[in-house]
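> Attaching a single structure in structure tokens format; questions to follow.
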Amino acid sequence: MAEAKHNGSSLAGHPWLVLATVMVGTLLIGLDRTVVNLAVPKVIDDFGITVTTAAWIATAYIITNAVFVPVFGKLGDLFGNRVIYIWSFIGFIVVSVLAGLAWDFSSLIVFRAIQGLVGAAIYPTAMSLIAKSFLEPKARAQALGIWSSSFAVSAVIGPLLGGYLIDHFSWRMIFYINLPIGIAGLVMTFIFLPHDRPEERGAFDWFGSVLLAGAITAMVLVLDQGQTWGWSSTASILCYLGAALFGWLTWLWETRHTHPIIDFKLFKNPVILSVLIVSFISFGGMMGAMFLLPVFTQTFLGYDAIKTGLLFVPMGLALPIFAPLGARLSHAFHPRWTVGIGMTIAALGFFMLRSLDPAMNFTSFILPLSLFGAGLGLGMAPLTTAATTAVPLHEVGMSSGILNLVRNIGGAFGIALFGTLLTNKIDANVLKVALNSHINSANPAVLAQGSQLVILKADLLSYSSVFVYAAGAMFVGALCAFFLLRSNERGAELSAELRAEAMGGG
């Protein structure tokens, strides 16, 4: 295995220690994203706010995180990924403590927005550090496959740990817990991460980043709040216009800048373009369904936060097993087969949830979510690998940032789409079920019970329909992978180029 040149001690820069270190950071960010929603009811009680207002706890984080992912990807290329990673890690730990100390709701929102900002650096810089440490495509694919499993681990640990802390202590503990984990990760960062040199020289494009921020903010804001506002409301229309205007201005500026935040020439790269298309569709289906599954289990099955977290254990176990396997198979076969088959298996897992019933027990979810985790593991690792091997080393940060941006927007789009579909299906199914129900009684108690049964059946039919739609979205992603996904045909040549860039002048 070819390894990046070590710096300093014999441990600093060791590829597998670099991987372990950035996995801690990725796990920390993932934990924070998965546990916060569990704390919303307690925050509402403490600050006396409405559910609609409380939604800004997530919205503030999502917007700043989406805006700054490509920005930090570029900053890593310009100033070195290690320094960006370290300062963002320190910032995240400090702001987490401040969020736990929030004295009112406004201060909590400010700290959540800053959390999203500093946390945005972790993913693109982690991917770049892995790419620089594992220069052979096969080893890099395996490393990225293992790294991607940290998302699944956070999805399992987050609800379990967060639910326990919230139930037995306070919602503030979900922010304080970042302190010991963060300090451990920070110590590993100083010891194990090598001093990488900047891969690109030039001035940072501040004006381009502002234009890009305007476009992303408007887009993510309407996706997150559009269902509450109304998709044809004045606020939503202004967001559509703002996203279009700032997007057009971003394109005009970036195509003329010598060091753009987003190099639009990357979209002419068939490998990158195909990866982004498949990622957007598959993440939309995945996030849309995974957002609604806990709502269903807690609303209709009476699960608490801890039991809901246990529900995702099969997925969390399957993903880290199959992610490295997907990375290895993508080198034995064309990545389109690994990704396409993986997305198909994930679609099958969602399709198995089409027959939702209040009588379902815990075991009813084991096979569907295991299949989903296995399919996701097989499919996501090759996509992540392709995004880093299809470009020169000095563009890996930008490529990683764009991939994570597309995944974020795809996830936000999926949550918005499936949330709206669920609401519309419930309204339609209530009417449909009511018309087909024959309740012939003047007894108020019978009528009330009949109405409750009508609403329950309409809800169940609607949730079932949404999971069928999610399965369809994942299958469309599979078809896109089979027919559109391209692989890097200059693998050996590019590997030599990457090694030369990493070793030369370091």
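The values are calculated or read from the model by the stated rules, or taken from the named source; none is laboratory data. Bear in mind the structure is a predicted one, so any value in this text is a computation, not a measurement. Note that we place each Cβ from the backbone using ideal geometry, even for glycine, and neighbour counts take in every protein chain shown. The protein model used for the area step is the full one, side chains on, heavy atoms only, and it has no ligands, DNA or RNA in it. Shrake-Rupley method; radii C 1.70, N 1.55, O 1.52, S 1.80 Å.
> Can you tell me the 0 to 90 degree angle between the C-alpha axis of helix 15-47 and the longest principal axis of the chain, rounded to 10?
That helix lies at roughly 30 degrees to the long axis.
> What is segment 333-428 by shape, rounded, prolate or oblate, if you read a ≥ b ≥ c off the alpha carbon gyration tensor as root eigenvalues and call it rounded for a/c under 1.5, prolate for a/b larger than b/c, and oblate otherwise?
oblate
> Given axes a ≥ b ≥ c from the Cα gyration tensor, I'd like to know whether the chain is rounded (a/c under 1.5), prolate (a/b larger than b/c) or oblate.
Prolate, since a/c reaches 1.5 and a/b exceeds b/c.
> For the chain, find the longest principal axis of its Cα atoms and tell me its angle to the long axis of helix 206-229, 0 to 90°, nearest 10.
10 degrees
> Sticking with this one: By average Cβ neighbour count within 10 Å, what is the ranking of 241-247, 464-470 from highest down? The partial results should precede the final answer.
Details: 241-247: 16.0, 464-470: 22.3.
So the order, starting with the most tightly packed, is 464-470, 241-247.
> With a/c under 1.5 counting as rounded, go ahead and sort segment 94-216 into rounded, prolate or oblate using the C-alpha gyration tensor (a ≥ b ≥ c being the square roots of the eigenvalues; past the cut-off, prolate if a/b is larger than b/c, else oblate). Before the final figure, lay out each step's value.
On the way: a/c = 2.13, a/b = 1.31, b/c = 1.62.
It comes out oblate by the Cα gyration axes.
> So, for the chain, what is the accessible surface per residue at a probe of 1.4 Å, expressed in square angstrom? Numbers along the way, then the final one.
On the way: 20520 Å² over 506 residues.
On a per-residue basis, the chain sits at 41 Å².
> With an 8 Å cut-off on Cα pairs and a minimum separation of 6 or more residues, tell me the relative contact order of the chain in percent.
Values: 866 pairs, mean separation 114.0, N = 506.
Relative contact order here is 23 percent.
> Please give the Cα centre distance for segment 325-389 versus segment 16-53, rounded to the nearest Å.
If we compute the Cα centre of each part, the gap is 25 Å.
> On to the next question. Please identify the longest segment of the chain free of exposed trypsin sites (Lys or Arg not before Pro), where exposed means a DSSP state other than H, G, I, E or B and no more than 14 other Cβ atoms within 10 Å. Numbers along the way, then the final one.
Details: sites that count: 5, 201, 256, 490.
Longest site-free region, per DSSP loop and neighbour criteria: 257-489.
> How much of the accessible area of segment 341-432, in percent, comes from carbon and sulfur atoms when a 1.4 Å probe is used?
Looking at segment 341-432 in its full context, I get 70 percent from C and S.
> Mind checking the full-extension length gain between residue 357 and residue 255? Use 0.36 nm per residue of separation minus the Cα-Cα distance, one decimal, nm. Walk me through the numbers on the way to the answer.
Numbers: separation 102, 0.36 × 102 = 36.72 nm, distance 5.28 nm.
Extra length from residue 357 to residue 255 when fully extended: 31.4 nm.
> Magnitude of the Cβ-charge dipole of the chain, K/R +1 and D/E -1, about the Cα centre, nearest 20 debye?
Charge dipole, the chain, about its Cα centre: 580 debye, nearest 20.
> Using only the alpha-carbon atoms, how far is helix 396-436 inclined from the longest principal axis of the chain? Give it as 0 to 90 degrees, nearest 10.
Between helix and principal axis, roughly 10 degrees.
> How much of the accessible area of segment 71-140, probe 1.4 Å, is carbon plus sulfur, in whole percent? Don't skip to the end; give the middle numbers.
Details: 1470 of 1850 Å².
After summing per-atom areas, the C and S share lands at 80 percent.
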